[in-house]
Every structure is written in C-alpha cells, then in structure tokens.
Amino acid sequence: MEIATADPGKRSVGIAGSFSLNTLTGSTNALVNGTATGGQQLSLTANALTVNAQRSGDLFALSASGSGAPGKDGIAIAGSVSINRITHSTQANITGGKTTIATNITLKAEDTSKIFAIGGAVGFGGKAGFGAGIAVNQINNTVKANSHSTVLDQMGALSLSALNHGQIKAITGSLGIAAQQGGIGGAGTVSVNNLTLNTEASLTNTSRTSSLAAATGAITLLAQNQANIASLAGAVGIGNQGGFGAAVAYNGITSNTNAFISGATLATGSTVEIKAEGAASIQSLTLGVGGGRDIGLGGSVAINLIRGGTRAYLNGNASLIAAGQIRLNAIDNSTIEGLAGGIAGSTKAAIGAAISVNDITTSTTSYIEQSSVTSQTAGVSTLAQGNATIRTITVGGAGAGKVAIGGSVAVNLIRNTVDSHIGNSATVNAAQDITLQAIEASTLEAKGGALAGAGT
C-alpha cells in the first residue's frame, strides 16, 4: 500500500503506485510404485490400502495506492497492480507390481485452492485526478487418482476419487477526482480472472488375478470439479469539468473432468459406478461511472466464458464383469450471472455505455466403446447431462443538460454438446435394462437497456 500527498498551496504533483506479485506452486504425490530398478515387479500384501494426497492453498492479497494533490493546479496520479497465481499438481497413484488386499483399496486426491484479492487506487487532485487499478488472478490445478499397469487383488471395495475445487474472489476498483475549476477526473479498472481445473479418476491397464473369486465390494470412480469466480470491478471518475470512468472485466473458467476405465480387466460381486461431475459458476459485477460539468463518460466491458468437457467412459478393450448395476454418469452444471453498467452525468453532455459477452461452451459425454461389459443380475446405464444457465443485465445510462446518450450491447451464447452412446465394437450384456440417456437443459435470461435523459 502506498500513499502520496502534495502541498495544496502550491503547484504540485502527487504520484503513488503499488505492485504485488504472489505465487503458490507445488506438487503433492502419494504413490505406490511396484516397479523396481531394472523393471522387477514388486508385491504388496496388507489388510487395507489407502493412498491419500491432499493439498490446500489460500492466497489473500491486498494492493492499494492513494495520491492527493488538492491544490488549484494539483495533479494526482495513483496506480495499483496485483498479480496472484496458484499452480498445483496433486496425485494419488498405484503403478506397477501386484497388490493383494484383504479388504478395501482407496485412492483419493484432493485440492482446495482459493484466491481472495483486493486491489484499488485513488487519485484526488485539484486540476486532475487519475486512478488506475489492474488485477490478474489465476488458478491452474491438476488432480489425478489413478491405478496404472498393476494387478489389484482386493477382496472388498475399490474406490478412486479425484476432487478439484478452485475459487477466485476479486474486488478491483479505481477512483479519480478533480475538485477545482476546470478539473478532470479519470479512473480505469481492469480485472482478469482465470481458473483452469483438470481432474481425472482412472483405471488403466489394471487387472485382477483370474483365478481369484470376484471382489465383494463396489468399484467406484469419481472425478469432480468445482470452479467459482466472483468478480467486482468498478471505476469512478469525477471532475469539475469532466469525468471519465471505465471498467473492464474478463472471467474465464476451463474445466476438464474425466472418469474412465481403459484397457483394464476387472470383476466384482457388487456394483460399478463411473462418475464425472463438473460445476462451474461465474458471478460478475462491472461498473464504470463518469461525471463532470461539461462532459461525463462512463463505460464497462464484461466478458465471461466457461469452457470444458465432462466425460465418463469405458474404452481401450476393457473387460468389466459385475453382479450388480453398472452406471456411467457424466453431469455438468455451468452458470453465469452478470451485471454490466455504464453511467454518466453532466450539465452539458454525457455518454454511458455497457458491453457484455457471456458464453458457455461445454461437452458432456458418457459412453462405452471397444469394451466388454456384463451385469449378471442388474442393468447397464449411461447418462450424460448438461445444464447451462446465463442470467445477465446490461445497462448504459446517461443524464445531461443538453446531450445524453446511453447504449448497451449484450451477446449471450450457450453451445453445449451432450452425448450418451454405446458403440465402436462394444459388447454389453445385462440381466435387466440397458439404458442410454442424454439430457440437455439451458436457461438464458438476458435483460438489456439504455437510458438517456437531457433537458435545459
């Protein structure tokens, strides 16, 4: 935090600036490696096996600056830049060898990362006051729970969970005030928030000793993403003669969630569930305000994007036999809620404008390909469900004594692909129903307006 002041009785310039860079990086791995030096395969025998990798990272950042030069010819300039980044890798793995477990095998990898960032700048001058705030917040995390190229001879349940939860909360503002005769106040804010989550729960090239009886416990794979961005970006410029305020916000989420069995040979006397869950949400408020005697300009631009894929599948010549139900579920929920506004006021001329772009483009897929699947007493089901919601308000407003112009532009897009299928040389046998479901539900509520009032 930095504050600069100047003598109000003299021609003066006050300049203040702050810069903040915060980074969290790291890897957390829990590993059972059954491959020794030279390629020798090792064996592990135990009553139960739990492989657990957990990581959390909370980053709080405060960056602010203020400058004051309130004299008649005073100029105040303040700027703030805040950059915050988290990059994590979290993995729970069993690789190679032979694992013999009397009861249950559990693999769990989990990451819960959060950024809470506040940044701002205030410039208070007589002749001119300028404030500028810039914030960049990024989370890029990978979480995997995987069994690869190994023999798993458990008698109980086999559970793999990969949980990836990321959150960004950002407040960024700027204020520019010029109070003296002929003063000009300007403020600009830029907020960039980007969240990328890659999550995988998988059994690849994993088998069970064929001479053993089937395990009595369920086989469960869960890959789960939860991504959230909450952003507030504002700019206010007020001057005796003119005031200008502009705010720009970009919020982007990329979520890739995969739960799958590939190239594995497995059997259980219970059920099998392969589940991929993706949830992404953005809440955005972007506002630019400008006011002055002769002219006022206020504008905002908000861009909110959600991208990614959610998949639950069997492929790669997998062989799966279960006494009970076999379920593959891929479920995605994506939501954008935004308010973008530009407000301006003046005794002569004012222009207020707002632009909003909101886009959800995702794919949700559940399928069985190139695999042999058998449910001995129940059914087999694949479900792909994609839910997308956009709710936005975009308003540009202006009030002036002579000329007032208000305008708004809103672009809202939902482009989802939802697919559930069995094919490409797949063989599926079931004692009961074989069910395929693809469900897509979209909600788009957009309100836009332009208000302008002028009179003498």
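Each of K447 and V409 was given a label point 7 Å from its Cα along the Cα-to-Cβ line. The distance between the two points is 2.3 nm.
In region 171-328, the C-alpha radius of gyration followed by the widest Cα-Cα span (Dmax) gives 27.1, 92 angstrom. Specify the inter-centroid distance of region 406-456 and region 297-338, based on alpha-carbon positions, in whole Å. Taking the Cα centre of each part, region 406-456 and region 297-338 sit 12 Å apart. For T310, the residues whose amide H sits under 5 Å from its own are T257, S363, T364, T365, ignoring neighbours fewer than 5 places away on the same chain, with H placed 1.01 Å from N.
Label separation (T347 vs Q370): 7.6 nm, computed from points 7 Å beyond Cα along the C-beta direction.
Taking 0.36 nm per residue of separation and subtracting the Cα-Cα distance, full extension of the segment from N22 to T427 would add 140.6 nm. Label point 7 Å out from K72 along Cα-to-Cβ: which residues of region 154-186 have amide N under 20 Å? What the label zone holds, given the 20 Å backbone N cut-off, is 178-185.
Restricting attention to region 272-354, which GluC sites (Glu not before Pro) occupy a DSSP loop and are surrounded by at most 10 other Cβ atoms within 10 Å?
On the way: sites: E273, E277, E337; in loops: none.
Qualifying residues, ordered by number: none.
Label-to-label distance for N29 and T95 is 0.6 nm, based on points extended 7 Å past Cα in the beta-carbon direction.
Under 5 Å between amide hydrogens, built in the peptide plane, is the criterion, and for G278 it picks out N225, I331, D332, N333 among residues at least 5 positions away or on other chains. Treating r as the C-beta distance of I434 and N317 and R0 as 35 Å, the FRET efficiency rounds to 0.95.
Peptides 370-380, 356-366, 242-252 ordered by packing proxy, namely the average of other Cβ atoms within 10 Å per residue, highest first: 242-252, 356-366, 370-380.
Per residue, the convex hull spanned by the alpha carbons of the chain comes to 116 Å³.
Mean separation of Cα pairs under 8 Å and 6 or more residues apart, divided by the residue count, gives region 336-404 a relative contact order of 59 percent.
Report the extension gain between T361 and T216 in nm, rounded to one decimal, defined as 0.36 nm multiplied by the number of residues separating them, less their alpha carbon distance. Present the calculation step by step, with values, prior to reporting the outcome.
Numbers: separation 145, 0.36 × 145 = 52.20 nm, distance 4.08 nm.
Taking 0.36 nm per residue and subtracting the Cα distance, the gain is 48.1 nm.
No lab work stands behind these numbers, since they all come straight from the coordinates. It should be emphasised that the depicted structure is a prediction, and the values quoted were computed from it without experimental measurement. Counting neighbours? That spans all protein chains shown, and the Cβs are built from the backbone with ideal geometry, glycine included.
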